[in-house]
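Every read-out reported here was derived from the displayed coordinates using simple, explicitly stated rules and does not represent laboratory data. Keep in mind it's a predicted model, so treat the numbers as computed, not measured. Every residue, glycine among them, receives a Cβ derived from its backbone with ideal geometry; neighbour counts consider all protein chains shown.
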Amino acid sequence: MAKKTNQARDSVPAISDADDLLLGEPLPEAERIAALEQLRQQVAACTRCLELTDHRTQTVFGVGNPMARLCFLGEAPGADEDRLGEPFVGRAGKLLTRIIEACRLKREEVYILNVLKCRPPGNRAPHPLEAANCRPFLDRQLEIIRPEFLVCLGASAAQTLLNTTASIGKLRGRFYRYRGIRVLATYHPAYLLRNPSAKRPVWEDMKMLMQEMGIPIPQ
């Protein structure tokens, strides 16, 4: 996680995390698939958050390529995701797919997941204890997949992962590191649906990502 400093928690996180890298050799694809399935079953059986357990239709684990270089991390499932069991399948999910394709990638080439694996009632923001209860699942997913890059979609995902209260406006536009993963924060697709003018800064963030990943930037 972001290395602790003497700065206030709402400051921009430190970049270096050399003392908190993912350890061990990356798993081959078949073993990653098996490990993710085992973890998915553990998530499905989880009852740590009673309110979420009582209101969920099902858990929403994650979807995509277990060998992905790039992950997209959201906040929590919404109504469509709770119904279908897959992250980012509503209007915001369709916009995320277009963003991924604009980066010259396909949705099935990346891995998409959320901080929470259950839908909060009324689509409210996750409570800190809920995020803490789900954190071991998130960290284990990242340990299995070993992405080189991760994009946090929205303030809640970025603040949770990087342990900060800094606004998304302050966090975007630069890279951070989380356990050796290069992390970029940008606006959530749902925010773009409400505020189309924010699409331009998101595209600037994606161009920065493509440059670091070695993907030619469309002209």
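Residue separation of Thr53 and Leu22 scaled by 0.36 nm, minus their Cα-Cα distance, works out to 8.1 nm of gained length. Taking every DSSP beta bridge that has both ends in the chain, the antiparallel portion is near 30%.
Taking Cα centre as origin and charging only the Cβ of basic (Lys, Arg, +1) and acidic (Asp, Glu, -1) residues, the dipole magnitude of segment 29-213 rounds to 580 debye. Remark on the chain: Rg and Dmax equal 16.4, 50 Å (Cα only).
Among Ala132, Ala158, Ala34, the largest mean-square fluctuation in a Gaussian network model of the chain, built with springs joining Cα atoms closer than 10 Å, belongs to Ala34. Structural descriptor for the chain: relative contact order 27 percent, calculated from alpha carbon pairs under 8 angstrom and at least 6 residues apart. Counted by Cβ distance under 9 Å from Pro26, the other residues give a net charge of +1, where Lys and Arg count +1 and Asp and Glu count -1. Each principal axis of the Cα cloud of segment 109-219 was evaluated for its coordinate range; sorted largest first, these ranges are 43, 33, 26 Å. The order of the peptides 103-115, 45-57, 140-152 by mean Cβ neighbours within 10 Å, most packed first, is 140-152, 103-115, 45-57.
Look at the dipole of segment 29-213 built from charges on Cβ: of Gln211, Ala45, Ala92, the Cα furthest out on the positive end belongs to Gln211. Dividing the summed -39500 (n - 2.57) terms of all DSSP H runs of n ≥ 4 by the residue count of the chain sets its mean residue ellipticity at 222 nm at -12000 deg cm²/dmol. Only lysine pairs 8 or more places apart, or on different chains, with alpha-carbon atoms under 28 angstrom apart are counted in the chain, and they number 18. Highest GNM mean-square fluctuation among Asp82, Asp139, Asp205, for the chain modelled with Cα contacts below 10 Å: Asp139.
Only four residue types carry charge here, +1 at the Cβ of Lys and Arg and -1 at the Cβ of Asp and Glu. Report the dipole size of segment 21-62 about the Cα centre in Debye, rounded to the nearest 20.
The dipole magnitude comes to about 140 debye.
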